[in-house]
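Q: Just passing along the structure, written as structure tokens.
Taken together, the values in this text are just the output of simple stated rules run on the coordinates, not laboratory data. These numbers come from a predicted model, not from an experiment. Note: ideal-geometry Cβ built from the backbone for every residue, glycine included; neighbour counts use all protein chains shown.
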Amino acid sequence: MLSNTAVLADFIYSSPFGLLALFFFAVIANASVFFPILVEPIIFAVCAFAPNPFIVLVIGVTTGIASGIGEMSGYILGLFGVKTLQKFNEKRVEKIFEMGEKLATSGMPIIILGAFTPFPFDLIGIAAGIIKYDAKRFFIAAVIGKVMRYSLIAFAGFYGMAWVSAWFML
């Protein structure tokens with residue numbers, strides 16, 4: 001596992017397309033509404049091999065922006081309204097409407113917090129689309145939350161791996 005991660009990190013840091021590949025992976029992973037794909041372990045592992053903290057920050061910001069773009073898929077699904085809701089069970093539909101009511105009163109803080117936490121953010125995106133929340137504000141808030149989240153994970157990988165290596169004398 002460690003050698004596979006090192007190969008992936010080497011590709012990202014040495015290839016002119018490495019960061020672009022990570023960007024597109026983050027877009028696709030966050031655009032998948034029905035099949036959750038985790039970006040966090042990849043970011044953590046790749047940043048464990050980062051040459052310096054600036055690169056870690058670039059990865060956090062890049063994947064955060066890419067994730068914001070990907071999260072627009074949930075928003076767009078919400079714009080289609082009823083057809084989207086027919087694909088969910090009743091309990092999930094209730095949560096979407098509850099989220100829509102909260103977004104109507106205090107949207108940006110909820111979107112930023114939802115993007116930052118491991119909450120199923122697709123529900124927020126769908127709710128925002130259903131209530132026709134401003135798309136630009138949704139995108140900006142999603143990017144802010146995702147950049148904060150992925151930057152935190154990236155730095156945890158960068159500093160955490162050094163700590164684990166020292167601790168276990170690897």
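Q: If you add up the charges near V143, with Lys and Arg at +1 and Asp and Glu at -1, over every other residue whose beta carbon is less than 12 angstrom from its beta carbon, what do you get?
A: +3
Q: For the chain, return all DSSP H helices satisfying: extent of Cα atoms along own axis at least 15 Å; mean Kyte-Doolittle hydropathy at least 0.5. Intermediate values should be presented prior to the final figure.
A: On the way: long enough: 2-14 (17 Å, 0.93); 18-31 (20 Å, 2.27); 53-79 (39 Å, 1.53); 90-116 (26 Å, 0.31); 135-168 (47 Å, 1.07).
Qualifying helices: 2-14, 18-31, 53-79, 135-168.
Q: By the scheme Lys and Arg +1, Asp and Glu -1, what is the net charge of all other residues having a beta-carbon under 15 Å from that of I43? Mind showing how you got there, number by number?
A: Values: positive: K146, R149; negative: E40.
Overall, the nearby charge balance is +1.
Q: Would you work out the charge dipole size for the chain about its Cα centre, treating the Cβ of every Lys and Arg as +1 and the Cβ of every Asp and Glu as -1, and quote it to the nearest 20 debye? Please report the intermediate quantities before stating the final value.
A: Values: 11 positive and 9 negative charges, 65 e Å.
Dipole magnitude for the chain comes out near 320 debye.
Q: Below 12 angstrom from the Cβ of L152, what's the summed charge of the other residues (Lys, Arg +1; Asp, Glu -1)?
A: Details: positive: K146, R149; negative: E40.
Charge balance near L152 sits at +1.
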